[in-house]
Amino acid sequence: MRITRTAADRIRKLLELDGRPGAFFRVAVEGGGCQGFSYVFSVACDGIAGDEVHEGEGASVTVDAASAPLLAGCLLDWESGLMGERFRVVNPNAVSSCGCGTSFSA
């Protein structure tokens, strides 16, 4: 997973606001959404065996082993615009995605 500078800045801000020692940013994939899979973003403190850590632009992203194949080669970005602010995943593994970009099929 590659991380843009804007995503890294937002991740650092979220961890700072959370304030818990040892907290980290997690990206996961869960079943659901209009396309079959949904992206889930969270700040967590409990790691899971098999977690992968991806680093870029001074930030780290943790991905669980089940989500890793679906997120391989992804770009994590943070965007601000007329539709609001959000993390955006550019996923080469997605066969299709919904218009809002929060769910995909693989």
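The values are calculated or read from the model by the stated rules, or taken from the named source; none is laboratory data. Being a predicted model, the structure only gives us computed values, none of them experimental. With ideal geometry, Cβ positions are generated from the backbone for all residues, glycine too; neighbour counts draw on all protein chains shown.
Entry remark, segment 45-64: residues being of a type in the set (A, V, I, L, M, F, W, C) and at pLDDT below 95 number 3 in total. Using the structure shown, decide if Ala7 is among the hydrophobic types (A, V, I, L, M, F, W, C), touching a helix residue (DSSP H, G or I) at 6+ places or on another chain (Cβ under 6 Å) and at pLDDT 95 or above. When the stated conditions are applied, Ala7 does not pass them.
Give the residue, chosen from Arg88, Arg26, that is free of Cβ contacts under 8 Å to residues at least 24 places away in the same chain and under 19 Å from Arg5 (Cα atoms).
Residue meeting the stated conditions: Arg88.
Candidates Ser103, Ser96, Ser67: the one that is modelled with pLDDT of 80 or more and among the polar types (S, T, N, Q) is Ser67.
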